[in-house]
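Worksheet for the structure shown next.
The values are calculated or read from the model by the stated rules, or taken from the named source; none is laboratory data. Predicted model only: the values in this text are computed from it and were never measured. Please note: Cβ atoms are built from the backbone with ideal geometry, for glycine as well, and neighbour counts cover all protein chains shown. Only protein heavy atoms, including side chains, enter the accessible area calculation; ligands, DNA and RNA are left aside. Shrake-Rupley method; radii C 1.70, N 1.55, O 1.52, S 1.80 Å.
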Amino acid sequence: MFRRATCADADEIAKLYNQAMKPGIFAMSPFAPDTRNKRVAWLREHKDPYPAFVYQIDNGKIIGWCSLSTLSVRPEYTDVAETSRYIDENHRGEGLGKLMFAHLVETARALGFRLLVSTAYERNVRSLKSAAPFFDRVAVQHEVACIHGEWHNVVWLWKKLR
Ligand SMILES: CC(C)(COP(=O)(O)OP(=O)(O)OC[C@H]1O[C@@H](n2cnc3c(N)ncnc32)[C@H](O)[C@@H]1OP(=O)(O)O)[C@@H](O)C(=O)NCCC(=O)NCCS
């Protein structure tokens, strides 16, 4: 089940984020590992309308988290949120990523957002496939990021909510 993340979840959130730095995942560079303190600060900023959620299974274990964040601090970027999703490496490819998008879309609509935006590296096939039922692919920025010594394209995904 989804529940709002609290500061008590900071260790788990950081752990799941750091798992995605491994080679072959293509989620981010491995140079800035997350820490509990970074996530506590992040969680303090993630209040409505930018909530963070953890996904907890029956034995109490957290196997993923997802969030809405500001796309830009510039004031003209109103009513738009950016999505993030990170799932335990033992539970990827089981449909939870799509469940998270459904949850984030429903939450964003309820909070009155007009647009949702998401980005993924083009080689992050799982991320892009799980986004396909929800988002339109609207742009590709070529060779903007270096991960494990290779240049990567960033795909921009877009969903109009109203
Ligand atoms: C990206 C992520 C959130 C997606 O969630 P998920 O639960 O793994 O994804 P889903 O199971 O909902 O969907 C995965 C899709 O990829 C496919 N897939 C699964 N394993 C795959 C693999 N090894 N290679 C290619 N495709 C794969 C599935 O068939 C499914 O596609 P379909 O809906 O067309 O059948 C999750 O994999 C994750 O946390 N990855 C690491 C962190 C990350 O990359 N976050 C996103 C940053 S942009």
Original post:
When ligands, DNA and RNA are left out and all protein chains stay put, how many square angstrom of accessible area per residue does the stretch 2-160 have with a 1.4 Å probe?
Top reply: 54 Å²
Subject >> Shape category assigned to the chain from the gyration tensor of Cα positions, a/c cut at 1.5 >> reply: rounded
Subject >> Dipole of the chain [Lys/Arg +1, Asp/Glu -1 at C-beta], most positive-end residue of Gln19, Gly149, Thr119 >> reply: Thr119
Original post:
How would Glu82, Glu45, Glu89 line up by accessible area, probe 1.4 Å, largest first?
Top reply: Glu45, Glu89, Glu82
Original post:
When only the heavy atoms of the protein chains count and the probe is 1.4 Å, how do His91, His152, His142 rank by accessible area, highest first?
Top reply: His142, His91, His152
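At 1.4 Å probe size, with the rest of the protein present, what percent of the exposed accessible area of the stretch 2-160 is carbon and sulfur atoms?
Taking all protein chains in place, the stretch 2-160 shows 51 percent carbon and sulfur surface.
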**OP:** Express in whole angstrom the spacing between the alpha-carbon centres of the stretch 128-162 and the stretch 43-59.
**Re:** 23 Å
Original post:
Protein chains only, probe 1.4 Å: how do Arg36, Arg92 rank by accessible area, largest first?
Top reply: Arg36, Arg92
**OP:** Rank Val73, Val140, Val54 by mean-square fluctuation in a GNM of the chain with C-alpha springs under 10 angstrom and give only the top-ranked residue.
**Re:** Val73
**OP:** Enumerate the lysines that Lys159 could reach by cross-link, defined here as Cα to Cα under 30 Å, with residues fewer than 8 away along the same chain left out.
**Re:** Lys15, Lys22, Lys38, Lys47, Lys98, Lys129
**OP:** Give me the net charge of Asp136's neighbourhood, meaning all other residues with Cβ under 13 Å from the Cβ of Asp136; Lys, Arg count +1, Asp, Glu -1.
**Re:** +3
Subject >> GNM result for the chain, Cα springs below 10 Å: residue of Tyr77, Tyr86, Tyr50 fluctuating most strongly >> reply: Tyr77
Original post:
Based on Cβ point charges of +1 for Lys and Arg and -1 for Asp and Glu, what charge dipole magnitude is obtained for the chain about its Cα centre, in debye rounded to the nearest 20?
Top reply: 260 debye
Subject >> Difference of contour (0.36 nm per residue) and Cα-Cα distance, Val73 to Arg126 >> reply: 16.2 nm
Subject >> Sparsely packed chymotrypsin sites (Phe, Trp or Tyr not before Pro) within the stretch 1-40, loop by DSSP, other Cβ within 10 Å at most 10 >> reply: Phe31
Original post:
Roughly what would the spin-label model give for Ile57 and His148, points 7 Å off Cα along C-beta, in nm?
Top reply: 2.5 nm
